[in-house]
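What follows draws every value from the coordinates through simple rules; no lab data is involved. Nothing here was measured: the structure is a model prediction, and the numbers come from that model. Note: ideal-geometry Cβ built from the backbone for every residue, glycine included; neighbour counts use all protein chains shown.
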Amino acid sequence: YSNPTCADGRHTITHLFEWKWSDIAQECERFLGPYGYCGVQVSPPNENRVVTSPNRPWWERYQPVSYKLETRSGNEQQFRDMVERCNKAHVRIFPDLVINHMTGSGGSGSGTGGSNWDGNSLSYPGVPYSNLDFNDGSKCHTGDLNIHNYNNAEEVRNCRLVSLVDLNLGKDYVRGKIADYMNHLIDIGVAGFRIDAAKHMWPGDLTALLGRVHNLNTNYFPSGTKPLIFQEVIDMGGEPIKMSEYFQSGRVTNFIYGIKLAQVFRKQNQAKFLKTWGEGWGMPNTNDVIVFIDNHDNQRGHGGGGGVLTHFEPKPYKMATEFMLAHPYGWTRVMSSYNWDRNFQDGEDKNNWIGPPHNEDMSIKDVTINSDMSCGDGWACEHRWRQIYNMVAFRNVVHGTGLTHWWDNGNYQIAFARGNKGFIVMNAEGSDLNSNLQTGLPQGTYCDVISGNYENGQCTGASIHVGGDGQAHFHISGGSEDPVIAIHIGAKV
Ligand code: QV4
Ligand code: CA
């Protein structure tokens, strides 16, 4: 089962990157619940360093000051309100958990919740942590205490990631403080966690820590339910630290997934090879991974980078996301971004630090919704793109079926069925696709959920007729902005 903490029949989460809790609460009620999303990955809810140079970058939230729930996304009361309202709408909350480190070294100040911190003396009274709670020269041997060599696993785990002061998770006291923080969130009603920088923590420390956390809140979950854990481990195959070391504590981020799909939909590797996508490409077991096309780091050249597709390239991005959601492999996450003015100099985006849309006083802007369901005020809201939300529903409908009736033209035109429940045809080629294909579906008329919706028993876009023999005719023009057709039994007229 893809995630036992999702409400019945829901199988995809979205990352509402840098959204305010009050907006997420509304989004659960007005969109994510009705459109079948399982849950939301939310930005780190704990107090962070206030960075003013550059001015309030998104990445300040990866520099914890305390475990008090107060950030630019909102305070504890707003967080509680969000969790309660989302759970009532059958949508789960998965906070991003930053526990490998505190702020960058050096500097001092007061965090988003008013707690003091001092990165010279390693004093974080809001927790409290002192210099005794961090890895020092006895554990990290690089001299400046920073990580330089990713080929040395001990250094990666005991030294500082980009100078972020590294907590000693081997210490009972530190584990206790982190467990208290996690239990606070669990008792409020979250469903699980993204574990930030898991590669930089010892797998044994993580399992010990997870052994101390509560089962999920029985107001929302069956008794005895454990939090769902997905760990950020960037493993492209070239370093000693492997994803597999972390399977014992939960799922792991599959970063190769988005890079390989970008190559296909950028036409650098033929789509026909996707026939064996998943474990057949040397990837981990489907039950051990979370998969995604891009994340908040690699969409802006941080963490891994590697030429992934993003919302800035909508045509191939939609195709890659459609393929991800149609294919049985992995537990799926849809990125939901905001726009920023990119400024490439020598191949590097000098503006990749820019934070979310904000008001004069630097508070995060509300997410506004346009009449066509898209978002305004700089919010990209990929999770609201029709081609994406309809495939989230497709995935829910076909859940439990295998991949059948694979077809390809030997190049960039592919199609496959999910049992007798759904069928997708993709034309990543310049030329037209004009073929009769076996869909595996029962006879009838189906809405193409890429070009339109199924509404009041009718299709607002194209419709497809499946004959008694399961065959249907598909025509997809090579030049189309959306060269994909997807049909499923939940959108049959
Ligand atoms: C800089 C220099 C240091 C120097 C220091 C001096 O790089 O060498 O010693 O100044 O003060 C920010 C700045 C960075 C700065 C650092 C400390 O960008 O320049 O160091 O702060 O002040 C995000 C951003 C980082 C950011 C960090 C903390 O991506 O740029 O650093 O937040 O604000 C690896 C890891 C992987 C990680 C990925 C980015 O294996 O785990 O790098 N990904 C996760 C998150 C990511 C986050 C972190 C980890 C850290 O997804 O968003 O980093 O929590 O691949
Ligand atoms: Ca560490």
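Before moving on, here are some points about what is shown:
- When the range 41-93 is filtered for residues that are in contact (Cβ under 8 Å) with a residue 24 or more places away in the chain and among the aliphatic types (A, V, I, L, M), the ones remaining, listed by number, are V42, V50, V65, L69, M82, V83, A89, V91, I93.
- Considering (1) surrounded by fewer than 16 Cβ atoms within 10 Å (Cβ to Cβ); (2) farther than 25 Å from I414 by Cα, the lone condition that N298 does not fulfil carries the number (1).
- Single residue of the range 90-117 satisfying the filter (farther than 30 Å from F221 by Cβ and touching a Phe, Trp or Tyr at 6+ places or on another chain (Cβ under 8 Å)) that is nearest to ligand 2 (Cβ to nearest atom): M102
- Filter result for I259 (under 17 Å from G330 (Cβ atoms), in a loop (DSSP other than H, G, I, E, B) and either out of contact with any helix residue (DSSP H, G or I) (no Cβ under 6 Å at 6 or more places or on another chain) or within 16 Å of ligand 2 (Cβ to nearest atom) (or both)): no
- Close pairs from the range 125-143: first within 16 Å of N100 (Cβ to Cβ), partner away from ligand 1 (no atom under 16 Å from the Cβ) and hydrophobic (A, V, I, L, M, F, W, C), Cβ under 7 Å, at least 6 apart: D133/V174
Yes/no per residue for (1) touching a strand residue (DSSP E or B) at 6+ places or on another chain (Cβ under 6 Å); (2) within 30 Å of G419 (Cα to Cα); (3) in a helix (DSSP H, G or I); (4) acidic (D, E):
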site: M335; (1), (2), (3), (4): yes, yes, no, no
site: P356; (1), (2), (3), (4): yes, no, no, no
site: M362; (1), (2), (3), (4): no, no, no, no
site: Q387; (1), (2), (3), (4): no, yes, yes, no
site: N390; (1), (2), (3), (4): no, yes, yes, no
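- The requirement of being under 23 Å from P4 (Cβ atoms), under 21 Å from the mean Cα position of the chain (by Cα) and assigned to a loop (DSSP other than H, G, I, E, B) is fulfilled somewhere in the range 83-90, by at least one residue.
- Answer residue from the range 128-157, given it is touching an Asp or Glu at 6+ places or on another chain (Cβ under 8 Å) and over 21 Å from G237 (Cα atoms) and is nearest to ligand 2 (Cβ to nearest atom) among those: N135
- Pairs linking a residue in the range 388-409 that is more than 15 Å from I487 (Cβ to Cβ) and without any contact (Cβ under 8 Å) to a residue 24 or more places away in the chain to a residue that is surrounded by 21 or more Cβ atoms within 10 Å (Cβ to Cβ) and of a type in the set (V, I, T), with Cβ atoms under 6 Å and 6 or more positions apart or on different chains, do not occur.
One line per residue, one yes/no per condition, for (1) in a loop (DSSP other than H, G, I, E, B); (2) closer than 29 Å to K267 by Cβ:
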residue	(1), (2)
I414	no, yes
I424	no, yes
V449	yes, yes
G452	yes, yes
G461	yes, yes
D469	yes, no
H475	no, yes
G479	yes, yes
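- Among helices (runs of 4 or more DSSP H) entirely within the range 136-253, having at least 1 residues that are away from ligand 1 (no atom under 16 Å from the Cβ) and crowded, with 16+ Cβ neighbours inside 10 Å singles out 172-188, 203-210.
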